[in-house]
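The values are calculated or read from the model by the stated rules, or taken from the named source; none is laboratory data. Note that the structure is predicted; figures quoted are calculated from it, not measured. When we count neighbours, we look across all protein chains shown, and the Cβ atoms used for this are built from the backbone with ideal geometry, even at glycine. Note: areas computed on protein heavy atoms with side chains; ligands, DNA, RNA excluded. Shrake-Rupley method; radii C 1.70, N 1.55, O 1.52, S 1.80 Å.
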Amino acid sequence: MLTAVADPKQCNSFWAQGGIIYKATDDHRELLESDIHTAGSRQNKFEAVSKLVAEGPGAVEEFLLEGSLAEVPFDREEDGELARCFEAAHNRARIIHWRDHTGKAIMDSLIQAVNANPNITMLTGCTAVDLALTKSGTCVGAHVLHEATGEVVTLLGGSTI
């Protein structure tokens, strides 16, 4: 995992106060898609909204909820269910949060999970300057600038995000 700064908490995400889109208890794809387009004044890229709607809730489950990679301590109702609220143009309560510091909770939890995972190395002070591609165009990693030394190295990996 790369970050251009020495401290991965030095990012906009850490300071985000609002919640993150998940899904309402009575939600469906068309409602979520419509709300996102409304929130974006219908200027959204259709393909991006479609991808967010199709993959977003699953990514929240895979990476952020209890039993997942990071296990963010999102606010809960008295019965233990996730506390959901309305935000922006959403017509359903589908936003999950941690107090008024959701970004901090997500970043703290993700950084802790990354540091605890022996298969992930966090490289600070590094910037990806180009993708490493095979002759056929398949991405196999990245060319990375180490800010302190000015050296560019190639990092190969099974997944490049």
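Do you know which residues across region 106-132 are farther than 30 Å from Gly18 by Cβ and either surrounded by 14 or more Cβ atoms within 10 Å (Cβ to Cβ) or of a type in the set (D, E, K, R) (or both)? Once the filter is applied, which keeps residues that are farther than 30 Å from Gly18 by Cβ and either surrounded by 14 or more Cβ atoms within 10 Å (Cβ to Cβ) or of a type in the set (D, E, K, R) (or both), region 106-132 yields Asp130, Ala132.
Whenever a residue of region 1-27 is over 21 Å from Leu145 (Cβ atoms) and in contact (Cβ under 8 Å) with a residue 24 or more places away in the chain, its partners that are open to solvent by less than 70 Å² (accessible area, probe 1.4 Å) and among the aromatic types (Phe, Trp, Tyr), lying with C-beta atoms within less than 9 angstrom and at least six residues away or across chains, give the pairs Gly19/Phe74; Gly19/Trp98; Ile20/Phe74; Tyr22/Phe74.
Glu78 meets the conditions (1) modelled with pLDDT under 95; (2) open to solvent by 60 Å² or more (accessible area, probe 1.4 Å) in every case but one. The failed one is (1). Just so you know, in region 81-105 the residues that are part of a loop (DSSP other than H, G, I, E, B) and open to solvent by less than 40 Å² (accessible area, probe 1.4 Å) include one that is nearest to Gly18 (Cα to Cα), and it is His97. Restricting to region 140-161, count the residues that are open to solvent by less than 80 Å² (accessible area, probe 1.4 Å), closer than 20 Å to Ala4 by Cβ and in a strand (DSSP E or B). Total meeting the criteria: 9.
For region 118-143, filtered to residues that are touching a strand residue (DSSP E or B) at 6+ places or on another chain (Cβ under 8 Å), in contact (Cβ under 8 Å) with a residue 40 or more places away in the chain and among the polar types (S, T, N, Q), the residue that is farthest from Phe63 (Cα to Cα) is Thr127.
Listed by first and then second residue, the pairs with beta-carbon distance under 6 Å, at least 6 apart or on different chains, first residue in region 106-117 and assigned to a helix (DSSP H, G or I), second surrounded by fewer than 12 Cβ atoms within 10 Å (Cβ to Cβ), are Val114/Ile120.
Residues in region 39-71 that are acidic (Asp, Glu) and over 15 Å from the mean Cα position of the chain (by Cα): Glu47, Glu66.
Does Ala48 count as within 30 Å of Leu145 (Cα to Cα), outside any loop (DSSP other than H, G, I, E, B) and open to solvent by 50 Å² or more (accessible area, probe 1.4 Å)? Working first, answer last.
On the way: within 30 Å of Leu145 (Cα to Cα): yes; outside any loop (DSSP other than H, G, I, E, B): yes; open to solvent by 50 Å² or more (accessible area, probe 1.4 Å): yes.
Yes; evaluated as a whole, the condition is true for this residue.
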